[in-house]
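Novice: Before anything else, here's the structure in question.
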Amino acid sequence: MNNYKKLPSMGFAESVNSVLKNMLNFNGRSRRSELWWYFLAYMLVCMICSLLLSSSPVAMAIISTILLLSLWSVTVRRLHDRGHSSWWVTIAILVSIFTQFYIINSGYYEIMSAVNPNIEDAIAALSGPIFSIAVLISGIMNITIFVFCVLDSKPEPNKYGNSPKYVSDDEL
C-alpha cells in the first residue's frame, strides 16, 4: 500500500505561468491552487481590459478568447484531477452558446437598444420555455463544475495521470 505525501501549493505567479504554458492542453490533471489563482488573475485581467480596451472591440475579443481558452483548459484538467470527464465543460459551453444565439434571435438586444426600451417586451422576449430550460441546465452544469473544482483531489493516479498534488513514497 502506497503512502502519499502532499506537495506545497502553487503560488499566484507559478499558477498563472503554468496555465498559460498549458493553454491548449486539455489532458492531464491540475491542482485547485492552479485553477483558483488563475481564476483570480483572469478576473483581474478582464476588469482591467474592460476599462482600458472598451473602445477597441477587436483587441478585447482577442484577449477574451485567449483568456477563455486557458480558463477552459485548466478547468478541464481540474475536473480530470477529480476523475471527471471534460464533457461537463463541453456541455456547459455548448449550452451557453445556444443561450446566446437564443437571446440574439429573440429580439432582446433590439428591444433594449431602443431609446426608451419597453421592459415588458424585453421580459416577454426571454420568457419562453426554451430560454428557461437553457438557463436551468446552464445553472446546474456550472454549479456542478464549481463543486467538482472545489473538492480535493484523489492522491492515487487515475485514468488522466498521476496526481499533481500528491507523490507516493515510491516516487520520492
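Bear in mind these aren't lab numbers, they're just calculated from the coordinates by the rules spelled out. All of these numbers come straight from a predicted model, not from anything done at the bench. Here the Cβ positions follow ideal geometry from the backbone for every residue, glycine too, while neighbour counts run over all protein chains shown.
Novice: Compute the signed sum of charges (Lys and Arg +1, Asp and Glu -1) over the other residues within less than 13 Å, Cβ to Cβ, of S127.
Specialist: Once all neighbours under 13 Å are counted, the net charge is -2.
Novice: Could you tell me what fraction of 2.2 N^0.38 Å the Cα radius of gyration of the stretch 1-74 comes to, as a two-decimal ratio?
Specialist: On the way: Rg = 15.0 Å, N = 74, 2.2 N^0.38 = 11.3 Å.
Relative to the rule-of-thumb radius for its length, the stretch 1-74 sits at 1.33.
Novice: Right, next: How large is the charge dipole for the chain, taken about the Cα centre, if only the Cβ atoms of Lys, Arg (+1) and Asp, Glu (-1) carry charge, to the nearest 20 debye?
Specialist: That gives the chain a dipole magnitude of about 520 debye.
Novice: A follow-up question, please. Counting alpha carbon pairs within less than 8 Å and at least 6 residues apart, what relative contact order, in whole percent, applies to the stretch 1-100? Display every interim value, and only then the final one.
Specialist: Values: 87 pairs, mean separation 34.0, N = 100.
So the answer I get is 34 percent.
Novice: Could I ask something else about it? Which residues does the label zone of Y4 cover in the stretch 22-62, counting backbone N under 16 Å from a point 7 Å along Cα→Cβ?
Specialist: Output list for this probe position: 28-34.
Novice: Still on this structure, I have one more. Summing +1 for each Lys or Arg and -1 for each Asp or Glu, what net charge is found among the other residues whose Cβ lies under 10 Å from the Cβ of H80?
Specialist: +4
Novice: Sorted by mean Cβ packing within 10 Å, highest first, what order do the peptides 69-75, 50-56, 137-143, 16-22 take? Could the numbers behind the result be given before it?
Specialist: Values: 69-75: 20.6, 50-56: 10.6, 137-143: 14.4, 16-22: 17.0.
Answer by packing, highest mean first, reads 69-75, 16-22, 137-143, 50-56.
Novice: Roughly speaking, what is the stretch gain from L151 to N116, that is 0.36 nm per residue apart minus the C-alpha to C-alpha distance, in nm to one decimal?
Specialist: Values: separation 35, 0.36 × 35 = 12.60 nm, distance 4.67 nm.
Net length gain for the segment: 7.9 nm.
Novice: Restricting to DSSP loop positions (anything but H, G, I, E, B) with no more than 15 other Cβ atoms inside 10 Å of their own Cβ, which GluC sites (Glu not before Pro) remain in the stretch 87-172? Write down the numbers at each step before the final one.
Specialist: Values: sites: E110, E120, E171; in loops: E171.
Here the sparse-neighbourhood loop sites are E171.
Novice: How big is the charge dipole of the stretch 131-172 about its Cα centre, in debye rounded to the nearest 20, if each Lys and Arg gets +1 on its Cβ and each Asp and Glu gets -1 on its Cβ? Don't skip to the end; give the middle numbers.
Specialist: Values: 3 positive and 5 negative charges, 64 e Å.
Once rounded to the nearest 20, the dipole reads 300 debye.
Novice: Next question. Using a 7 Å offset from the Cα along the Cα-to-Cβ direction at both L52 and S127, what is the distance between the two label points in nm, to one decimal?
Specialist: 4.4 nm
Novice: For the chain, max minus min Cα coordinate along each principal axis, in Å, sorted largest first?
Specialist: Reported extents, whole Å, longest axis first: 68, 37, 20.
Novice: For a quick size check, give me the Cα extents of the stretch 98-172 along its three principal axes, largest first, whole Å.
Specialist: 69, 24, 17
Novice: Separate question: What length, rounded to one decimal in nm, is gained on full extension from T65 through to K21, with 0.36 nm per residue of separation minus their alpha-carbon distance? The partial results should precede the final answer.
Specialist: Working: separation 44, 0.36 × 44 = 15.84 nm, distance 1.55 nm.
The span from T65 to K21 would gain 14.3 nm if fully extended.
Novice: Next up: Could you pull out every whole DSSP H run in the chain that spans at least 20 Å of Cα extent along its own axis and averages 0.0 or higher on the Kyte-Doolittle scale? Could the numbers behind the result be given before it?
Specialist: Details: long enough: 32-52 (30 Å, 1.29); 57-81 (35 Å, 1.14); 87-106 (28 Å, 1.45); 129-150 (31 Å, 2.28).
The qualifying helices are 32-52, 57-81, 87-106, 129-150.
Novice: Sticking with this one: Considering Cα pairs under 8 angstrom that are at least six residues apart, work out the relative contact order of the chain and quote it in whole percent. Can you show the working numbers first?
Specialist: Values: 187 pairs, mean separation 58.3, N = 172.
This gives 34 percent for the chain.
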